[in-house]
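Everything below concerns the one structure shown next.
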Amino acid sequence: MEHYVTLFDSLFLPQGLALHMSMERHAGDYTLWILCMDDEVHDALTKLELPNVRLLQLSKLETPELLAVKPSRSKGEYCWTLTPFTPRFVFEADTAVSRVTYLDADMWFRKNPTQIFHEFDASGKKVLITDHAYAPEHDQSATSGQYCVQFMTFTRHRGEIVRKWWEDRCIEWCFSRHENGKFGDQKYLDDWPTRFSDSVHVLTNKELMLAPWNATRFPYGNSVVWHFHALRILFRARKSPLVICGSYLLPKCTHENVYQHYLVDLRIAIHQITNIGFSLKSQITLSNMSFMKIRLQMLYQRSWLFNTRFVSKL
């Protein structure tokens with residue numbers, strides 16, 4: 001059995017449920033551990049009783065060192081600070097778990113991940129990380145890092161050396177700004193293949209882990225997991241929610257065969273959430289001017305001149 005861990009708050013519950021739906025279809029024998037960033041999402045997930053899910057309640061797990069840095073960090077920065085702690089929380093909760101894979105909540109499985117773990121096992125290493133593999137027009141390696149905190153596997157023993165080093169660094173500094181070669185929790189990974197050369201394996205088949213920043217570089221059909229970075233849901237009174245996919249230019253085939261299927265899961269997730277009486281809030285706020293820009297871009301891009309759809313309705 002593979003163990004996975006993710007974290008999200010009540011705001012990003014729809015993405016968390018969509019991730020779970022995709023894992024039910026494709027992940028095989030698995031357990032998804034969810035670190036609930038607030039008590040509201042813990043209550044909602046408790047009511048939903050999702051199969052193959054185990055809940056971790058942040059308010060019961062925060063260490064003194066986490067509580068000490070929490071006031072100085074934004075909500076997003078604190079989530080990043082917590083990322084290296086998530087495998088630790090799983091290992092402490094269940095001594096039978098030998099390895100755990102961290103997932104961003106906006107990840108979504110398209111196929112069984114066996115191919116990924118086969119490559120990792122064959123490497124003989126104890127930590128798996130993935131390359132951003134940017135398309136040239138989106139390359140932010142210098143600022144956001146060569147490697148992406150999106151899908152990371154840690155083993156309990158030899159992998160713990162790497163995880164603990166990362167945990168200590170994120171306690172020391174983890175902010176949403178570029179400073180002395182650092183950025184959030186992510187730039188710390190840049191030298192892992194050399195710093196921890198005996199332990200860290202970089203996934204060589206870059207097409208298995210895709211995202212909007214490399215949608216023009218690789219064919220969508222080869223992807224096992226898709227990362228819906230920058231996708232946000234805007235809820236509007238008495239109107240259908242809008243899904244804003246960010247500023248990336250997506251090929252038409254990716255929109256139709258990946259994003260549209262993800263929107264179906266988001267639609268189901270929102271229905272599940274509202275059925276238990278949970279009130280959803282917008283994940284983005286827009287001024288009248290920015291909303292008009294989005295409407296104009298949506299009308300313009302319906303012609304597929306840029307092979308992309310910027311906004312979709314749920």
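The values are calculated or read from the model by the stated rules, or taken from the named source; none is laboratory data. On a predicted model such as this, the values are computed, not experimentally measured, just so you know. Glycine gets a Cβ as well: all are built from the backbone with ideal geometry, and neighbour counts include every protein chain shown.
Identify the residue in the stretch 15-42 that is polar (S, T, N, Q) and under 25 Å from Ile244 (Cα atoms) and, among all such residues, is farthest from the chain's Cα centre (by Cα).
Taking the stretch 15-42 and keeping what is polar (S, T, N, Q), we get 15, 22, 31.
The next check asks that each one be under 25 Å from Ile244 (Cα atoms); those that pass are 15, 22.
Numbers: Gln15: 9, Ser22: 13 Å.
Ranking the candidates gives Ser22 first.
Note on the stretch 174-183: residues that are surrounded by 16 or more Cβ atoms within 10 Å (Cβ to Cβ) and either of a type in the set (D, E, K, R) or over 21 Å from the mean Cα position of the chain (by Cα) (or both) total 1.
Would it be correct to say that Gln272 is modelled with pLDDT of 95 or more and assigned to a helix (DSSP H, G or I)? Yes; evaluated as a whole, the condition is true for this residue.
Can you go through Val149, Val162, Val127, Val225 and tell me which one is in contact with a helix residue (DSSP H, G or I) (Cβ under 9 Å, 6 or more places away or on another chain), β-branched (Val, Ile, Thr) and either outside the structural domain of Gly76 (by TED's automatic domain parsing) or more than 30 Å from Pro64 (Cα to Cα) (or both)?
On the way: Val149 fails: either outside the structural domain of Gly76 (by TED's automatic domain parsing) or more than 30 Å from Pro64 (Cα to Cα) (or both); Val162 fails: either outside the structural domain of Gly76 (by TED's automatic domain parsing) or more than 30 Å from Pro64 (Cα to Cα) (or both); Val127 fails: either outside the structural domain of Gly76 (by TED's automatic domain parsing) or more than 30 Å from Pro64 (Cα to Cα) (or both).
Result: Val225 is the single residue among Val149, Val162, Val127, Val225 that is in contact with a helix residue (DSSP H, G or I) (Cβ under 9 Å, 6 or more places away or on another chain), β-branched (Val, Ile, Thr) and either outside the structural domain of Gly76 (by TED's automatic domain parsing) or more than 30 Å from Pro64 (Cα to Cα) (or both).
Do we find a residue being closer than 15 Å to Tyr134 by Cβ and at pLDDT below 95 anywhere in the stretch 200-210? Checking the stretch 200-210: not a single residue is closer than 15 Å to Tyr134 by Cβ and at pLDDT below 95. Could you tell me which residue of the stretch 183-213 is farthest from Phe154 (Cα to Cα), considering only residues that are in contact with a helix residue (DSSP H, G or I) (Cβ under 7 Å, 6 or more places away or on another chain) and polar (S, T, N, Q)? Restricting to residues being in contact with a helix residue (DSSP H, G or I) (Cβ under 7 Å, 6 or more places away or on another chain) and polar (S, T, N, Q), the top hit is Asn205. Taken over the stretch 7-24, residues that are assigned to a strand (DSSP E or B) and crowded, with 24+ Cβ neighbours inside 10 Å amount to 1. For the stretch 191-203, the count of residues that are out of contact with any Asp or Glu (no Cβ under 6 Å at 6 or more places or on another chain), within 27 Å of Pro14 (Cβ to Cβ) and in a loop (DSSP other than H, G, I, E, B) is zero. In the condition set (1) out of contact with any strand residue (DSSP E or B) (no Cβ under 9 Å at 6 or more places or on another chain); (2) of a type outside the set (D, E, K, R); (3) closer than 25 Å to Ser141 by Cα; (4) surrounded by 14 or more Cβ atoms within 10 Å (Cβ to Cβ), Ala211 is compliant with all but (1). Kindly indicate whether any position in the stretch 140-156 is over 28 Å from Arg177 (Cα atoms) and of a type in the set (D, E, K, R). Yes, the stretch 140-156 contains a residue that is over 28 Å from Arg177 (Cα atoms) and of a type in the set (D, E, K, R).
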